[in-house]
Amino acid sequence: MPELPEVETVRRGLEKLVKNKVITNVKVIYPKIIVGDQQDFVQKLSGRKIKSIKRRGKFLLFNFNGGLTMVSHLRMEGKYFIRQADQPLEKHTHVVFSLNDEKQLRYNDVRKFGRMQLVLTANLKQLPGLTKLGPEPLSTNFKQKDFALALAKKNKAIKPALLDQTLVAGLGNIYADEVLWLSRIYPLTKCNQLETNEIKLLHTKIIQELTAAVKAGGTTIRTYTDAFENSGKFQFELHVYGREGQPCQRCGTIIKKIRVAQRGTHFCPQCQQVKL
């Protein structure tokens, strides 16, 4: 699933490609992608100008004139790319936005898990999925003091806490494993058992790792590409994710993989020791 760095990379590409373009027509090929009434979705978007494309956590926010926003979640393998209007549709293309420059913005999704929903921009913060999101880790709102207070209130393991999006927005399985390794924290450590120095280091590593991943264009593990159809490069910088059975780059201990909250979790048994 694309995480914050991948979604942010897609957002930046889309802004360059379609900002200020007008949607002349929308064709929905697979209706389940659309949340709500499909005809209403098509009718309301026709003739709208794309004013900006923002991001909140893992959500893309297409802002149109007239106070409308399309909320898009890529889920596992959703992609956006540009094609000339006369080019044949690729397999797994499910929504086509025709633009006023003879091009099309196409949404492609092998697994069909992605979703789009049209809402009033003024009501955006009330939308389920957005209302409970934690602070953006690359913004000034992600303060160490607030992060520590939030952790102190959670009697759950740190790995699933990082994934639930209420503590901090945008982290997924890859970057949660990475920042815990960088911070030398065992994934099943209870949030309210973390020490001050551990919280401080974790806060710093979240910011540093996501910043570096955005700069590298994200991580391509299977099929992720940006809006220009480029793969990310951060997979070459991963320290622990996907390295089960390989030596830890820090101490040489063999990396292990366990299941935490139904998610594969990679860690170093030496660097990330269990708290007694």
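The values are calculated or read from the model by the stated rules, or taken from the named source; none is laboratory data. Computed from a predicted structure; not experimentally measured. All Cβ positions, even for glycine, are placed from backbone atoms using ideal geometry, and neighbour counts span all protein chains on display. To get the accessible areas, we keep the full protein, side chains included, count just its heavy atoms, and leave off ligands, DNA and RNA. Shrake-Rupley method; radii C 1.70, N 1.55, O 1.52, S 1.80 Å.
Overview of values
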{"read-out": "Whichever residue in the stretch 187-206 is of a type in the set (A, V, I, L, M, F, W, C) and open to solvent by less than 70 Å² (accessible area, probe 1.4 Å) and, among such residues, is nearest to ILE158 (Cα to Cα)", "value": "CYS191"}
{"read-out": "Failed item, numbered, when LYS275 is tested on (1) at pLDDT below 90; (2) open to solvent by less than 60 Å² (accessible area, probe 1.4 Å)", "value": "(2)"}
{"read-out": "From MET76, MET70, MET116, residue being within 20 Å of the chain's Cα centre (by Cα), at pLDDT below 95 and of a type in the set (A, V, I, L, M)", "value": "MET76"}
{"read-out": "Residue match in the stretch 40-57 (condition: at pLDDT 95 or above, open to solvent by 70 Å² or more (accessible area, probe 1.4 Å) and among the acidic types (Asp, Glu))", "value": "no"}
{"read-out": "Subset of the stretch 220-258 that is at pLDDT below 95, open to solvent by 70 Å² or more (accessible area, probe 1.4 Å) and not aliphatic (A, V, I, L, M) - its residue that is nearest to LYS205 (Cα to Cα)", "value": "GLU237"}
{"read-out": "Count of the stretch 260-272 residues which are open to solvent by 50 Å² or more (accessible area, probe 1.4 Å) and at pLDDT 95 or above", "value": "1"}
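Every residue, every condition in (1) of a type in the set (A, V, I, L, M); (2) in contact with a helix residue (DSSP H, G or I) (Cβ under 6 Å, 6 or more places away or on another chain); (3) surrounded by fewer than 18 Cβ atoms within 10 Å (Cβ to Cβ), yes or no:
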| site | (1), (2), (3) |
| --- | --- |
| GLU77 | no, no, no |
| ALA85 | yes, no, yes |
| GLU90 | no, no, yes |
| THR93 | no, no, no |
| ASN100 | no, no, yes |
| LEU105 | yes, yes, no |
| THR131 | no, no, yes |
| LYS143 | no, no, yes |
| LEU149 | yes, no, yes |
